Amino acid sequence: MDFKKLSEQYKTELLENVMPFWLKNSLDKVYGGYFTCLDQKGEVFDTDKFMWLQAREVYMFASLYNKVEQKQEWLDAAEHGATFLLEHGHDGDFNWYFSLDRKGNPLTQPYNIFSYTFATIAFGQLSLATGNPYYAEVAKKTFDIIRAKVDNPKGPWSKIVPGTRDLKNFTLPMILCNLALEIEHLLPHALLDTLIEECLHEVLHVFYRPELGGIVIENVDKDGALSDTFEGRLVNPGHSIEAMWFIMDLGVRLERKELIEKAVEITLNMVKYGWDHEHGGIFYFLDRLGRPPQQLEWDQKLWWVHVETLISLIKGYQLTGSKECLAWFERVHDYTWTHFKDAQYPEWFGYLNRQGEVLIPLKGGKWKGCFHIPRGLYQCWKVLEELAERPSS
């Protein structure tokens, strides 16, 4: 495998295709913030603004400014989104709404914890880029609210009747594994260490189930027991695999080789479990008992699932030398670049049917924005670059 050539492929796609697409098409220069509902050509088809996507885009521009090159246009774009978020995105106490109209009037209550998590990493990165203490304060205050909401993320907007089926979900501890490192510069060491250990315990000792063949499930009872319900049988291979590169990063940070090896093992388990051997690609949702999933879109192939898988596989190879990770990386790379990259216009498709055909030719919407594709391209580029620079044995 030509790591240098692959590294250039990912780097070029990020810097010459994907980020210029968002810089050109997404900035709302009238009311502030970003348009995320962009069609195949990059034209706006809806003007509502979703806080988690606004924050993710702030994060991407600030992160690339910090990690790649201090381009003023990237910093300006990040602050453009941050200004809109601060003026309109929350209720005055940093409870972040889910959606606003174009002008910034709130449409949906702050029920979604991921509006908070992505606001935290957005302002964390922006504080690094600018040195502005207010951005750091916003990140820390929002993080404190997340910590307070862990046991009841949706708060008064939860639809669940308390005490009937109290399940806990994999997504929040999974996100917190990444968030911990993203705002490491803002947290006291003791708090950071506690957060990391809590997240690792949840992911590796609650949601990872050796008795089910080493897969990760999305929901368990409050006491950690399996639940034979739609939610309790749900498996989301992409979520599980994404969490594993977060844990690999934590393993490097903590110098704990066993964490890295466990994350690689689970990555390979989940790729094999989720791979569609008939049509290729990774399923969106599966039922751990093989029953019909509740989600009708279960067999779709999604952009973020495949990009996150590429990151985990190439990091797994980088950190352990696993030839199996490298073989699977090549397989997923070929599928991803063949099916999701638009050969006609910039940026990538997000939604394919099971056969790998484009379902909706949008480049951004309510769920897809400036995040998984550029973050994945950056992560793979840097790992491949390091691999290319290693002395040959």
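The values are calculated or read from the model by the stated rules, or taken from the named source; none is laboratory data. Predicted, not measured: the structure shown is a model, and the values here were computed from it. For neighbour counting, all protein chains shown are included, and Cβ atoms are generated from backbone atoms with ideal geometry for every residue, glycine included. The area values use the complete protein model at the heavy-atom level, side chains included, leaving out ligands, DNA and RNA. Shrake-Rupley method; radii C 1.70, N 1.55, O 1.52, S 1.80 Å.
Quick rundown of the values:
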item	result
In segment 322-332, residue nearest to residue 257 (Cα to Cα) [restricted to those that are surrounded by 16 or more Cβ atoms within 10 Å (Cβ to Cβ) and in contact (Cβ under 8 Å) with a residue 40 or more places away in the chain]	322
Among residues of segment 149-159, those that are surrounded by 12 or more Cβ atoms within 10 Å (Cβ to Cβ) and either in contact with a strand residue (DSSP E or B) (Cβ under 6 Å, 6 or more places away or on another chain) or not small (Gly, Ala, Ser) (or both), counted	6
Unique match (being open to solvent by less than 50 Å² (accessible area, probe 1.4 Å), modelled with pLDDT of 95 or more, within 29 Å of residue 149 (Cα to Cα) and not hydrophobic (A, V, I, L, M, F, W, C)) among 91, 101	101
Segment 149-174: number of residues that are in a loop (DSSP other than H, G, I, E, B) and not aromatic (Phe, Trp, Tyr)	14
Residue in segment 334-359 that is nearest to residue 262 (Cα to Cα), counting only those that are part of a helix (DSSP H, G or I) and open to solvent by 20 Å² or more (accessible area, probe 1.4 Å)	334
Any hit, segment 160-168, residues being open to solvent by 20 Å² or more (accessible area, probe 1.4 Å), of a type outside the set (Val, Ile, Thr) and in contact (Cβ under 8 Å) with a residue 60 or more places away in the chain	yes
Selected residue (only one of 313, 384, 362, 319 is assigned to a helix (DSSP H, G or I), of a type in the set (A, V, I, L, M), within 22 Å of the chain's Cα centre (by Cα) and surrounded by fewer than 22 Cβ atoms within 10 Å (Cβ to Cβ))	319
Residue pairs meeting the criteria (Cβ under 8 Å; at least 6 apart or on separate chains; first surrounded by fewer than 20 Cβ atoms within 10 Å (Cβ to Cβ), in segment 274-296; second among the hydroxyl-bearing types (Ser, Thr, Tyr))	280/335; 295/284
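Results for (1) in contact with a Gly (Cβ under 7 Å, 6 or more places away or on another chain); (2) assigned to a helix (DSSP H, G or I); (3) open to solvent by less than 40 Å² (accessible area, probe 1.4 Å), shown as yes or no for each residue.
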{"residue": "110", "(1), (2), (3)": "no, no, yes"}
{"residue": "144", "(1), (2), (3)": "no, yes, no"}
{"residue": "147", "(1), (2), (3)": "no, yes, no"}
{"residue": "176", "(1), (2), (3)": "no, yes, yes"}
